[in-house]
Every structure is written in structure tokens, then in C-alpha cells.
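The values are calculated or read from the model by the stated rules, or taken from the named source; none is laboratory data. Bear in mind the structure is a predicted one, so any value in this text is a computation, not a measurement. For neighbour counting, all protein chains shown are included, and Cβ atoms are generated from backbone atoms with ideal geometry for every residue, glycine included. The accessibility values were calculated without ligands, DNA or RNA, using every heavy atom of the protein model including side chains. Shrake-Rupley method; radii C 1.70, N 1.55, O 1.52, S 1.80 Å.
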Amino acid sequence: MVERRSIRQRALDRYLVLALLCLFTTAWVTPLAIVALSSMKTPREQAQSGILALPANAAMILDNIASASELAGIGNGLLSSLIYAFVGSVAAVIAASSAAYSIAMLKIRFPFFWFLIIYSGTIFPFQMYLMPLFGLYQSVGLYDTRFGMLLFYSAIAVPFCIFVFRNYFIGMQGEVIEAASLDGASSFQTYLRIVLPMAKAPALFLFVTQFSWIWNDFLFGQVLAKSDDVRPVMTSLAMLSGAYGKGTIPQQMAGALTASIPTLILFFALQKHFMQGIVLNTAGE
Amino acid sequence: MPDTNQVSTEPLRKEGPITALGRAPLEAPTRALALLRKIEPYLYLLPALLLVGGLLLYSVAHTFAISFTDWDLITPPRFAGLKNYIDAIRDPTFTRSFSNTLIWTGGSLLLPVAGGLLLAVILERIPGQRVLKTLIYLPAILSTTVVAAIWSYVYTNNGVLNETLRWVGLEALARPWLVFAPTNTLAMIVASSWRALGPSMVLFLVGLQTIPPELIEAAKIDGAGERILFWRIKLPLLRPITAIVVIMSVIGSFMTFDLVWVMTQGGPGRSSETLAVTMYRQAFIMWRMGYAGAVAVILSTIVIAFSIFYLRATLKRSALW
């Protein structure tokens with residue numbers, strides 16, 4: 001009798017927990033709904049209607065994006081960030097995979113030393129990079145150029161990439177050397193035809209994580225760029241928002257929404273890689 | 001790197017006679033080829049080394065050097081010894097910035113870390129786990145700048161939070177959230193936790209999956225309730241993961257910049273500055289490069305100390321598997 005009641009009690013507890021959890025999750029994602037709703041309103045409508053009231057004309061979002069673009073260069077920022085995130089992460093994957101190939105599979109002196117040198121780029125807070133980069137970029141004419149931004153974004157992504165590639169390559173060392181000796185391939189052919197195709201999984205994972213890191217960056221866009229053409233999208237968005245922002249709330253929300261679309265698409269398309277990513281990021285395996 | 005030892009071990013007759021221009025031209029192509037073969041493996045290292053060394057490591061060394069000078073970026077830097085460090089320690093704004101950073105650290109341990117652990121333990125045995133997990137993780141995909149934009153709207157006077165409070169009849173609680181210290185810092189920690197909770201929850205879920213189910217079953221048969229199960233079995237077995245999440249959270253807190261800069265720029269009256277914000281303001285608003293360098297070096301010392309703990313925790317972990 002006692003046993004049965006406790007089972008029923010437990011089932012009840014479980015439903016209660018589930019209900020609370022659903023309530024919590026709903027509240028958790030409500031800000032996202034508010035962003036979407038407010039981005040479709042006129043400033044007046046936003047001020048007068050309830051926060052969760054439906055917008056009168058959803059197409060208003062296009063007007064808001066257009067005026068946000070005019071105000072802070074969101075449109076230009078989207079294009080620049082797309083270039084930085086795509087080219088920067090591809091360049092980092094290439095530079096890191098070839099360096100890791102040399103470290104893990106070719107005959108070089110002090111491979112671990114070279115690895116540590118490159119990997120040490122992950123350990124410092126970004127505040128250590130800001131002033132010298134700003135000074136250097138000013139003096140060599142890279143300040144406020146797309147090339148300068150690309151160079152930096154590639155560099156900042158390399159250390160983590162080399163860490164992942166090195167671990168992966170050490171694991172597949174035997175197979176590669178065997179395949180290469182059967183082929184009689186040169187070291188470059190081995191890299192291009194054997195190593196890279198075998199490393200598709202880590203390369204894709206790194207592309208996704210580095211793409212979204214570069215896409216989401218605000219700080220280096222703030223320090224190394226100033227014009228509408230060069231500034232990445234997050235730095236532009238920051239000009240609209242916050243205590244010192246100059247945009248209306250619908251403009252801010254429309255900007256926030258547009259700036260998030262690429263990473264949201266990536267997330268839903270490659271959800272597994274993202275989740276795996278944070279585990280890998282921390283587990284160091 | 002051409003290696004002289006190796007050259008001397010080669011049979012002499014392979015080499016041409018020594019001339020003013022080096023070895024005889026007849027043998028030059030093979031020698032060049034041999035040299036190329038020797039340095040070829042290093043060429044693969046070159047792009048990564050140039051990028052990381054030329055931009056990142058150079059900057060670290062330079063910032064360190066700047067911290068011992070007085071420099072406004074226009075006149076040449078003058079050596080100042082430890083003056084910047086002493087100035088920083090005596091500066092009440094620096095002290096406040098430091099204590100704000102500690103509040104960030106504590107808040108981030110409480111909300112995303114402890115909260116993430118709690119959610120993971122609850123979610124572990126719930127049927128709709130995957131959907132809920134994805135939804136809770138969702139804000140983590142957004143840029144900190146986007147999160148700052150959203151929560152600026154939440155916290156403004158006629159924003160989401162105050163309107164909601166008025167709507168449910170708690171008007172007395174409505175206030176300007178980002179104006180007074182320490183409320184502004186606490187409000188921003190909540191905003192930041194919205195983004196940080198998902199990843200720590202996922203990590204704890206991964207950790208919970210590695211606990212052998214037989215262990216839990218055995219404890220249940222012995223009559224252990226949920227509470228004992230958590231404190232005596234799950235939590236101790238989660239220790240490696242907990243160490244990683246805690247250290248990452250501490251490192252992240254010490255580097256907090258984007259969110260604060262976008263939401264308040266460290267104000268009003270520099271009341272919500274963190275160390276990273278102080279560094280940025282000193283460097284790029286006040287052009288006191290030396291002082292900013294000293295703040296950066298102090299910040300790095302703390303972060304690197306924790307990173308070493310982190311590396312040890314991860315290394316231990318991979319040694320286990």
C-alpha cells in the first residue's frame with residue numbers, strides 16, 4: 001500500500017517538474033519572440049502596443065532593416081562579416097592543418113616546441129593584443145582595411161585549430177604513412193590527397209566554430225576598423241544599441257535579428273557539430 | 001634550416017670543388033634540391049607561425065613592454081618603471097573595476113554554473129529532453145552584442161522588465177536597472193547568464209552520461225534518495241567536468257567586455273566597469289597606453305594562472321580515458 005502511493009506520488013512529482021521546466025523554457029525563449037515581434041513594428045506602435053502584441057504590418061521589418069542600415073551600416077557590415085567569417089576560417093583551417101601536418105607527420109626538429117609556440121596564442125586575454133595591433137595597423141596601413149581584418153581573424157583562429165588538427169593527425173599517423181608509401185607520394189601530395197580528405201570531420205567542425213566566432217566578434221571590429229565598409233556587423237549593431245545607441249527599438253531589434261540569422265542557420269543545419277564543439281572545446285581531446 | 005653537421009658527413013667526392021661562389025655549378029641543382037628537401041617540412045609551419053607570431057605573440061610582448069612606459073601614442077614612450085602598476089593599485093576606479101570583476105566571477109559561478117548543473121540533473125530523466133535542451137541552448141548561439149542589444153531593451157525604463165512588473169502589479173519593483181551600482185552589474189550578469197547557461201548545462205549532461213548506470217541502480221537498491229544520490233554519487237563523479245566548467249567560467253568572467261561595453265560603456269560614472277573595460281577606456285578613450293598595458297598584464301596574470309589549472313584538469317581527464 002505504502003509502496004503504491006509512493007509510486008503515484010513520484011509520477012505526480014515528475015509531471016510537476018516537467019510542467020515547471022516547460023514554463024521555465026518558455027520564459028527563457030520569450031526574449032527571442034520579443035525581438036522578432038518588435039522588429040516588425042513602427043517606433044510608435046512599439047511604444048504604444050503591448051510588448052507581446054502582434055505587429056500591424058509584419059513587412060515593417062524591411063523598413064526597419066533598411067533604416068538601421070542607413071544609420072549604422074548594418075547592410076555593409078553583413079557583407080564584411082560574411083567575407084571575414086568565411087575567408088578567415090578557411091584560411092585558418094588551411095594554415096593550421098598544414099602546420100599540424102608538419103608537426104605530427106613530417107620530420108622536423110622540436111615538433112612539440114613549435115606546437116606550443118602556436119598553441120600559446122589561445123592563452124592570453126584579448127586585451128593583450130589591442131594596443132600593439134592598433135599601432136601596427138596604423139603604421140603599416142592595415143588599419144580600417146578589409147585585408148587587415150581578414151589577416152587578424154585568420155591569425156586568432158589558428159591556435160585552436162592547430163590543437164584539434166594535431167590531436168587528430170597523431171591519431172591517424174600510421175594509416176597515412178602506409179597509404180603514402182604505397183603511392184610513393186611526395187609530402188605535398190600526401191597532404192593534399194591523403195591527409196586533408198581524411199580530416200574532413202575536424203575541418204568542418206573547426207570551420208563552423210571559427211566562422212561563428214568571427215561572425216560574433218565585436219571587440220576587434222571596434223579597435224581595428226571605423227568605416228562603414230570595413231566594420232563588421234556586430235560592431236555596427238553596437239552603434240545602434242545600448243545606453244549610447246542611436247537607433248530606435250524596432251531598428252535595434254531588426255538589426256539584432258538580421259545579424260543573428262547566419263549563425264542560427266548554421267546551428268540548426270549542423271547542430272551536432274555545435275554541441276560536439278563545446279564538449280571538444282573544453283574536454284581537450 | 002640548413003644543417004652543417006649533415007653536410008660534413010656526406011662523401012666528399014659528391015661535392016664539386018670549392019669556388020668563390022660556393023660549390024661548383026655542376027653540382028648546384030642537387031645541392032639545392034637536398035636543401036629544399038630539408039627545409040620543406042618547415043615550410044608547412046610558416047603561414048601559421050607568421051600569423052600567430054607576427055600578430056599575436058608580438059602583441060603580447062609589446063603590451064608587456066608598454067606597461068612599463070608612459071605613452072600617449074603621439075609622443076615617444078618614456079620608461080616609467082612600475083609607476084603604472086602602482087598608479088593602478090592606488091586608483092579607486094581600478095579597485096572598483098576589480099571588485100566588479102569579482103562580482104562577475106561570483107555571479108557567473110552561481111547562475112550559469114550552479115544553475116546549469118541543477119538543470120542538467122533535472123533534465124537528465126525527462127522525456128522531452130532534446131527539445132528543451134535545444135531551446136535552453138539557443139541564446140548561446142547569439143553574439144554577445146546581440147544579447148546586449150536584447151537585454152538593453154529588457155532593462156530600459158519602459159522596457160520589457162518594467163512593463164511586465166507593472167502588468168503583474170509589482171510596480172514597486174520597477175526601476176532603472178542599469179543606472180545604480182551594484183544593480184547594473186547584477187542586471188548584466190543575468191543577461192550574460194542567459195547566454196552562458198546552455199553550454200554549461202550541456203557539459204554537465206555529457207558528464208552525467210558517463211556515470212555508469214549500475215552505480216546509480218546499486219545506490220537506489222541500497223535505499224538512497226534523490227538527494228543522497230546527488231550529493232554522494234553524482235556530484236563527486238562529476239568533479240572533472242565541474243572543474244572545467246568552473247575554471248572556464250572564471251576565465252570568461254575576468255575577460256568580460258562586450259556585454260558591458262555595449263550596454264553601459266562601464267558607466268554611469270564608471271560604476272559598472274570591469275577590468276577589460278577599464279583597460280579599453282584607458283587605452284582608446286584616454287590614450288594612457290602605459291596604464292592600460294599594466295591593467296592588461298594584471299588581467300593576464302590572473303587569467304593565465306587559472307588557465308594552468310584548466311590545462312591540468314583537462315590533461316588529467318584525458319589521462320583517465
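Observations on the structure shown:
- Condition met for B:LEU109 (of a type in the set (A, V, I, L, M) and more than 10 Å from chain A (Cβ to nearest Cβ)): yes
- Positions within segment B:124-152 being in a helix (DSSP H, G or I) and more than 24 Å from A:ALA19 (Cα to Cα), in sequence order: B:ILE141, B:THR144, B:THR145, B:VAL146, B:VAL147, B:ALA148, B:ALA149, B:ILE150, B:TRP151, B:SER152
- Positions within segment A:61-92 being in contact (Cβ under 8 Å) with a residue 60 or more places away in the chain and among the hydroxyl-bearing types (Ser, Thr, Tyr), in sequence order: A:SER67, A:SER80, A:SER81, A:TYR84, A:SER89
- Test: residue in segment A:144-163 that is hydrophobic (A, V, I, L, M, F, W, C), open to solvent by less than 10 Å² (accessible area, probe 1.4 Å) and more than 27 Å from B:ALA296 (Cα to Cα): no
- Sole exception among (1) of a type outside the set (A, V, I, L, M); (2) open to solvent by 20 Å² or more (accessible area, probe 1.4 Å); (3) more than 7 Å from chain B (Cβ to nearest Cβ) for A:TYR137, by number: (2)
- Test: residue in segment A:4-15 that is open to solvent by 80 Å² or more (accessible area, probe 1.4 Å), closer than 25 Å to B:ILE136 by Cβ and either basic (Lys, Arg) or in contact (Cβ under 8 Å) with a residue 40 or more places away in the chain (or both): yes
- Some residue of segment B:53-72 being more than 22 Å from A:PHE112 (Cα to Cα), open to solvent by less than 70 Å² (accessible area, probe 1.4 Å), of a type in the set (Phe, Trp, Tyr) and more than 7 Å from chain A (Cβ to nearest Cβ): yes
Conditions tested, residue by residue: (1) buried (at least 21 other Cβ atoms within 10 Å of the Cβ); (2) free of Cβ contacts under 8 Å to residues at least 40 places away in the same chain; (3) touching a Cys at 6+ places or on another chain (Cβ under 7 Å); (4) farther than 30 Å from A:GLU175 by Cα.
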| site | (1), (2), (3), (4) |
| --- | --- |
| A:LYS200 | no, yes, no, no |
| A:PHE207 | yes, no, no, no |
| A:TRP213 | no, no, no, yes |
| A:PHE218 | yes, yes, no, yes |
| A:SER227 | no, no, no, yes |
| A:ARG231 | yes, no, no, yes |
| A:MET234 | yes, no, no, yes |
| A:LEU237 | yes, no, no, yes |
| A:LEU240 | yes, no, no, yes |
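- Filter result for B:LEU215 (within 30 Å of B:ARG125 (Cα to Cα), hydrophobic (A, V, I, L, M, F, W, C), loosely packed, with under 15 Cβ neighbours inside 10 Å and in the same structural domain as B:LYS133 (by TED's automatic domain parsing)): yes
- Residue match in segment B:174-196 (condition: more than 30 Å from B:ARG270 (Cβ to Cβ), in the same structural domain as B:PHE257 (by TED's automatic domain parsing) and of a type outside the set (Lys, Arg)): no
- The residues of segment B:1-37 that are open to solvent by less than 70 Å² (accessible area, probe 1.4 Å) and either modelled with pLDDT of 55 or more or within 30 Å of A:LEU150 (Cα to Cα) (or both), listed by number, are B:GLU27, B:ALA28, B:ALA32, B:ALA34.
- Selection from segment A:122-158 of residues that are outside any loop (DSSP other than H, G, I, E, B), over 17 Å from the mean Cα position of the chain (by Cα) and among the polar types (S, T, N, Q): A:GLN127, A:GLN138, A:SER139
- Top-ranked residue of segment B:93-113 - restricted to ones that are touching a residue at least 24 places away in the same chain (Cβ under 8 Å) and open to solvent by 40 Å² or more (accessible area, probe 1.4 Å), ranked as nearest to B:SER249 (Cα to Cα): B:LEU109
- Taken across segment B:157-176, residues that are touching a Pro at 6+ places or on another chain (Cβ under 7 Å) and open to solvent by 20 Å² or more (accessible area, probe 1.4 Å) do occur, with at least one present.
- The number of residues in segment B:145-158 being within 8 Å of another protein chain (Cβ to nearest Cβ) and either modelled with pLDDT of 90 or more or touching a His at 6+ places or on another chain (Cβ under 9 Å) (or both) comes to 9.
- Restricted to segment A:38-121, the set of helices (runs of 4 or more DSSP H) holding at least 2 residues that are modelled with pLDDT of 90 or more and buried (at least 23 other Cβ atoms within 10 Å of the Cβ) comprises A:74-105.
- Each residue in segment B:249-267 was checked for being on the phi > 0 side of the Ramachandran plot and either among the aromatic types (Phe, Trp, Tyr) or more than 7 Å from every other protein chain (Cβ to nearest Cβ) (or both), and 1 pass.
- All of B:ALA276, B:ALA294 fail the test of being at pLDDT 95 or above, in a helix (DSSP H, G or I), open to solvent by less than 10 Å² (accessible area, probe 1.4 Å) and more than 7 Å from chain A (Cβ to nearest Cβ), apart from B:ALA294.
- No other residue among B:ARG281, B:ARG270 is within 25 Å of B:ARG78 (Cβ to Cβ), more than 7 Å from every other protein chain (Cβ to nearest Cβ) and out of contact with any strand residue (DSSP E or B) (no Cβ under 9 Å at 6 or more places or on another chain) apart from B:ARG281.
- When B:LEU132, B:LEU161, B:LEU142 are screened for being touching a Cys at 6+ places or on another chain (Cβ under 8 Å), in the same structural domain as B:THR242 (by TED's automatic domain parsing) and either at pLDDT below 95 or under 30 Å from B:GLY207 (Cα atoms) (or both), only B:LEU132 passes.
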